[in-house]
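Visitor: Structure incoming, see below.
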Amino acid sequence: MHFEVLCTDIFSRARRARLKTAHGVIETPVFMPVGTQATVKATTPSELLEVGAQIILGNTYHLYLRPGLEVIQNAGGLHKFMGWDRPILTDSGGFQVFSLSKLRRITEEGVHFNSHIDGAPCFLSPEVSMQAQQALGSDIAMAFDECPPYPCEYEYAANSLDRTLRWAHRCRAWAGKRRQGAPLAFGIVQGGIYQDLREKSARALVDLDFDGYAIGGVSVGEPEAEMMRAIDNSEPFLPPHKPRYAMGLGTPPQLVEMVARGVDMFDCVLPTRLARNGTAFTATGTVNLKNATYRTDLRPIEENCSCSTCRAFTRSYIRHLIKAEEILGLRLITIHNLHFYLNLMTQIRSALEAGTFAQFREHFVANYAKYEPQVLGHEAELEE
Ligand SMILES: [Zn+2]
């Protein structure tokens with residue numbers, strides 16, 4: 001069995017579990033740093049290990065277009081190409097085809113589109129995507145789907161979902177042939193904000209017996225209440241003995257709330273993307289180090305943080321680097337932010353093991369919200 005639930009919370013749907021992949025075991029709940037273009041922006045693999053990353057994301061659409069699969073296969077796969085020997089989850093490319101590419105034409109067979117880089121004509125289908133993900137050497141491959149925008153009319157969401165389910169059949173059929181070295185295959189629940197479509201999607205995917213299930217079409221610009229509802233409308237239909245992954249989420253309190261709703265896996269560009277405009281995460285909300293208040297502040301980004309940035313550097317120094325547009329500034333904040341997200345998941349896992357998750361959840365969310373100056377947007381993250 002590739003997934004084992006170690007313990008469950010008695011006050012919520014949260015669980016502490018373990019997922020086995022070809023490149024190692026992942027302790028969940030887990031946060032996966034996003035490495036769209038075969039790099040988690042501005043970090044090296046050894047820095048990722050130091051902040052506690054267990055698994056990272058790669059993106060099929062981006063790598064398929066540049067440098068191209070043959071370049072990565074020539075290097076012996078994505079792990080060797082980028083010098084990362086732990087697990088990698090690959091996105092199917094569906095989300096980017098629908099959000100980034102130009103002149104796309106959707107057919108039953110797949111999607112014809114033009115590269116956003118040079119306009120070259122390309123084609124992705126369920127089979128092409130699964131084959132590409134295996135060629136990359138992915139540990140967890142995602143089914144090729146359409147992620148409808150928000151807002152989205154019922155009729156469009158329903159038709160899109162039907163096609164996505166037919167594509168899911170083809171992804172499952174491809175993965176089901178149990179090719180040597182084939183990655184685990186996850187289906188993606190869609191259906192927008194519509195309760196009946198979410199249920200239909202989840203039930204149909206469970207019938208296909210995927211290795212795990214993602215909840216997609218969240219964090220695409222909808223209000224937070226809709227996001228939580230999309231999870232609540234999908235999760236009850238997913239089997240307890242398979243991993244669940246909420247795609248593209250979220251802020252630290254949202255992660256805690258999603259864990260309480262039974263989600264095991266997360267990815268989000270917020271820690272790396274916000275680092276690049278000088279924003280750092282702390283247990284009491286975000287701080288923007290560009291602010292004049294930090295000009296002579298000799299404290300670390302966060303007191304008692306054990307990351308390499310906070311052990312060695314002050315807010316005053318990092319503010320100077322950001323203002324002077326020195327590349328080290330964004331690297332230092334990126335490392336702190338990734339450490340913050342990964343350490344949050346470590347704390348969640350410990351609280352679940354100790355049976356204290358309810359207290360942790362209440363304290364963390366209240367403490368964060370009390371000081372957070374503005375609620376962060378969770379608009380669609382098209383590209384890092
Ligand atoms: Zn730190």
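Visitor: Let me spell it out: the conditions are (1) at positive phi; (2) part of a strand (DSSP E or B), and G52 meets all of them except one. Which number is the exception?
Guide: Against the list (1) at positive phi; (2) part of a strand (DSSP E or B), G52 comes up short only on (2).
Visitor: Within the range 171-179, is even one residue over 26 Å from I88 (Cα atoms), surrounded by fewer than 24 Cβ atoms within 10 Å (Cβ to Cβ) and over 21 Å from the mean Cα position of the chain (by Cα)? Full working, then the answer.
Guide: Kept after step one, since they are over 26 Å from I88 (Cα atoms), are these residues of the range 171-179: none.
Within the range 171-179, not a single residue is over 26 Å from I88 (Cα atoms), surrounded by fewer than 24 Cβ atoms within 10 Å (Cβ to Cβ) and over 21 Å from the mean Cα position of the chain (by Cα).
Visitor: Sticking with this one: For the range 278-294, give me the residue count where each residue is out of contact with any Lys or Arg (no Cβ under 6 Å at 6 or more places or on another chain) and either over 14 Å from Y317 (Cα atoms) or open to solvent by less than 20 Å² (accessible area, probe 1.4 Å) (or both).
Guide: Residues of the range 278-294 that are out of contact with any Lys or Arg (no Cβ under 6 Å at 6 or more places or on another chain), as a first pass: 279-288, 290-293.
Filter once more, so that each one left must be either over 14 Å from Y317 (Cα atoms) or open to solvent by less than 20 Å² (accessible area, probe 1.4 Å) (or both): 279-287.
Within the range 278-294, residues that are out of contact with any Lys or Arg (no Cβ under 6 Å at 6 or more places or on another chain) and either over 14 Å from Y317 (Cα atoms) or open to solvent by less than 20 Å² (accessible area, probe 1.4 Å) (or both) number 9.
Visitor: Would you check which residues across the range 9-44 are within 28 Å of L332 (Cβ to Cβ), touching a helix residue (DSSP H, G or I) at 6+ places or on another chain (Cβ under 7 Å) and of a type outside the set (S, T, Y) and list them?
Guide: If the condition is that a residue be within 28 Å of L332 (Cβ to Cβ), touching a helix residue (DSSP H, G or I) at 6+ places or on another chain (Cβ under 7 Å) and of a type outside the set (S, T, Y), then E27, P29, V30, F31, P33, V34, Q37, A38, V40, K41, A42 are the ones that fit.
Visitor: Looking at (1) assigned to a loop (DSSP other than H, G, I, E, B); (2) aromatic (F, W, Y); (3) more than 19 Å from the chain's Cα centre (by Cα), find the lone condition where F144 falls short.
Guide: (3)
Visitor: Search the range 297-317 for residues being within 27 Å of the chain's Cα centre (by Cα) and open to solvent by less than 60 Å² (accessible area, probe 1.4 Å), and hand back the single one that is farthest from the ligand (Cβ to nearest atom).
Guide: Per the stated criteria, the residue is S308.
Visitor: Where the second residue is part of a strand (DSSP E or B) and open to solvent by 70 Å² or more (accessible area, probe 1.4 Å) and the first is touching a residue at least 24 places away in the same chain (Cβ under 8 Å) and among the hydroxyl-bearing types (S, T, Y) and lies in the range 112-124, which pairs have Cβ atoms under 9 Å and are six or more apart or on separate chains?
Guide: Cβ pairs passing all conditions: S115/K102; S115/P121.
Visitor: Which residue out of L274, L255, L238 is surrounded by fewer than 24 Cβ atoms within 10 Å (Cβ to Cβ) and within 16 Å of the ligand (Cβ to nearest atom)?
Guide: That would be L274, the only listed residue that is surrounded by fewer than 24 Cβ atoms within 10 Å (Cβ to Cβ) and within 16 Å of the ligand (Cβ to nearest atom).
Visitor: Any idea which of (1) surrounded by 23 or more Cβ atoms within 10 Å (Cβ to Cβ); (2) within 11 Å of the ligand (Cβ to nearest atom) is the one G329 doesn't satisfy?
Guide: Looking at each condition in turn, G329 falls short on (2).
Visitor: Would you confirm, using the coordinates I've provided, whether R349 is modelled with pLDDT of 95 or more, within 15 Å of the ligand (Cβ to nearest atom) and open to solvent by 20 Å² or more (accessible area, probe 1.4 Å)?
Guide: Values: modelled with pLDDT of 95 or more: yes; within 15 Å of the ligand (Cβ to nearest atom): no; open to solvent by 20 Å² or more (accessible area, probe 1.4 Å): yes.
No.
Visitor: On to the next question. Return the only residue of G217, G250, G262 being at pLDDT below 95, closer than 28 Å to G355 by Cβ and not charged (D, E, K, R). Even if it seems obvious, please write down each step before you answer.
Guide: Working: G217 fails: closer than 28 Å to G355 by Cβ; G262 fails: at pLDDT below 95.
Within the list G217, G250, G262, the selection yields G250.
Visitor: Let me ask you something else. Condition test on T286, is it more than 10 Å from the ligand (Cβ to nearest atom) and among the polar types (S, T, N, Q)?
Guide: Values: more than 10 Å from the ligand (Cβ to nearest atom): yes; among the polar types (S, T, N, Q): yes.
Criteria met by T286.
Visitor: Now for a different question. Looking at this structure, is L344 surrounded by 14 or more Cβ atoms within 10 Å (Cβ to Cβ), among the hydrophobic types (A, V, I, L, M, F, W, C) and either at pLDDT 95 or above or within 16 Å of the ligand (Cβ to nearest atom) (or both)?
Guide: Numbers: surrounded by 14 or more Cβ atoms within 10 Å (Cβ to Cβ): yes; among the hydrophobic types (A, V, I, L, M, F, W, C): yes; either at pLDDT 95 or above or within 16 Å of the ligand (Cβ to nearest atom) (or both): yes.
The answer is yes for L344.
Visitor: Something else: Of all residues in the range 9-22, which are touching a strand residue (DSSP E or B) at 6+ places or on another chain (Cβ under 9 Å) and either open to solvent by less than 20 Å² (accessible area, probe 1.4 Å) or in contact (Cβ under 8 Å) with a residue 40 or more places away in the chain (or both)? Steps first, answer last, please.
Guide: In the first step, residues of the range 9-22 are kept if they are touching a strand residue (DSSP E or B) at 6+ places or on another chain (Cβ under 9 Å); the result is 9, 14-22.
Listed by number, the residues that qualify are D9, A14, R15, R16, A17, L19, T21, A22.
Visitor: Just need a number here: residues in the range 207-225 that are open to solvent by 30 Å² or more (accessible area, probe 1.4 Å) and not in a loop (DSSP other than H, G, I, E, B).
Guide: Number of matching residues: 3.
Visitor: For residues that are assigned to a helix (DSSP H, G or I) and not polar (S, T, N, Q), tally how many sit in the range 55-99. Break it down stepwise before answering.
Guide: Start the filter on the range 55-99 by keeping residues that are assigned to a helix (DSSP H, G or I), which leaves 60-65, 69-74, 78-82, 94-99.
Then drop every residue that is not not polar (S, T, N, Q), which leaves 61-65, 69-72, 78-82, 94-95, 97-98.
So the answer is 18.
Visitor: Looking at the range 90-110, is at least one residue hydrophobic (A, V, I, L, M, F, W, C), within 23 Å of S219 (Cα to Cα) and either without any contact (Cβ under 8 Å) to a residue 40 or more places away in the chain or crowded, with 22+ Cβ neighbours inside 10 Å (or both)?
Guide: Scanning the range 90-110 turns up at least one residue that is hydrophobic (A, V, I, L, M, F, W, C), within 23 Å of S219 (Cα to Cα) and either without any contact (Cβ under 8 Å) to a residue 40 or more places away in the chain or crowded, with 22+ Cβ neighbours inside 10 Å (or both).
Visitor: Let me ask something additional. Please find, among V25, V30, the residue that is in contact with a strand residue (DSSP E or B) (Cβ under 8 Å, 6 or more places away or on another chain), of a type in the set (V, I, T) and open to solvent by less than 10 Å² (accessible area, probe 1.4 Å).
Guide: Values: V25 fails: open to solvent by less than 10 Å² (accessible area, probe 1.4 Å).
Exactly one residue qualifies, and that residue is V30.
Visitor: May I pose another question? Being open to solvent by 10 Å² or more (accessible area, probe 1.4 Å) and either aliphatic (A, V, I, L, M) or in contact with a helix residue (DSSP H, G or I) (Cβ under 7 Å, 6 or more places away or on another chain) (or both) is the filter here; which residues of the range 258-268 pass it? Please lay out each step first, then the result.
Guide: Narrowing the range 258-268 to residues open to solvent by 10 Å² or more (accessible area, probe 1.4 Å): 261, 267.
Selection gives R261 alone.
Visitor: Determine the pairs where a residue that is closer than 15 Å to H116 by Cα, located within the range 59-76, has a partner that is open to solvent by 50 Å² or more (accessible area, probe 1.4 Å) with Cβ atoms under 7 Å apart, the partner being 6 or more residues away or on another chain.
Guide: From residues that are closer than 15 Å to H116 by Cα, the pairs are H62/Q37; L65/I117; R66/I117.
The values are calculated or read from the model by the stated rules, or taken from the named source; none is laboratory data. Computed from a prediction, not measured in an experiment: that's the story for all the values here. Neighbour counts run over all protein chains shown; Cβ positions are idealised from the backbone, glycine included. Side chains are part of the model used for accessible areas, which takes the heavy atoms of the whole protein and leaves out ligands, DNA and RNA. Shrake-Rupley method; radii C 1.70, N 1.55, O 1.52, S 1.80 Å.
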